[in-house]
1. Express in nm, to one decimal, how much length is gained between Arg4 and Asp30 on full extension, taking 0.36 nm for each residue of separation and deducting their alpha carbon distance.
2. Can you report the principal axis dimensions of the chain using only the alpha carbons, biggest first, rounded to whole angstrom?
3. Under 17 Å between alpha carbons: how many lysine pairs meet that in the chain, if sequence neighbours fewer than 8 apart on the same chain are excluded?
4. Taking 8 Å as the Cα distance limit and 6 or more residues as the minimum spacing, I'd like the relative contact order of the range 6-68 as a percentage.
5. Of Leu70, Leu43, Leu21, which has the largest mean-square fluctuation in a 10 Å C-alpha GNM of the chain?
6. Could you work out how far helix 35-52 tilts from the main Cα principal axis of the chain, as a 0 to 90 degree angle to the nearest 10?
7. Suppose every Lys and Arg Cβ carries +1 and every Asp and Glu Cβ carries -1, with no other charges. What dipole size does the range 2-114 come out with about its Cα centre, to the nearest 20 debye?
8. Find which of Gly11, Thr39, Met76 sits farthest along the positive direction of the dipole of the chain, computed with +1 on the beta-carbon of Lys and Arg, -1 on that of Asp and Glu, about the Cα centre.
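Computed from the coordinates by the stated procedures, all read-outs in this text should not be read as laboratory data. Please read all numbers here as calculations on a predicted model, not as lab measurements. So basically every Cβ, Gly included, is an ideal-geometry build from the backbone, and we count neighbours across all protein chains shown.
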Amino acid sequence: MIERKRGIYEGRNKSTAYKDLVWTVATSADDTLDIAGQTRASLETIEQNLQESGSSKYRILSAQVFLTDLANKAEMDKHWCAWLGDDPQHWPQRACVGVALAGNTLIEITVVAAREAS
């Protein structure tokens, strides 16, 4: 059975789960923040979405980070690494790419995570 968690945007959900996997996405609700603020807000949302679906940031398998300006990558990395922690056992595979995003959104993050064992 596919589980879908409704978000605020029409035509898409904030997360989907199937069997032992969870897919989720986040941007900052406040697009007036700088890259540090939008990164932290997006990561907090990712963490909440994962918890709602029975997973956690420590179970992320794969992540994609979309930045409107790759010059912001070092600043984003600082907050990403602080959020994940120092244990390499919790670090996922990750790609970071430059893209055009709507409005003043500076970052969008998608992840795939494994659920906690039941």
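1. Working: separation 26, 0.36 × 26 = 9.36 nm, distance 2.41 nm.
Computed gain between Arg4 and Asp30 is 7.0 nm.
2. Principal axes ranked by extent give 41, 37, 19 Å for the Cα atoms.
3. Close lysine pairs under the 17 Å cut-off: 4.
4. Averaging sequence separation for qualifying contacts and normalising by length gives 23 percent for the range 6-68.
5. Leu70
6. 10 degrees
7. The calculation lands at about 400 debye.
8. About the Cα centre, the residue reaching furthest to the positive side is Gly11.
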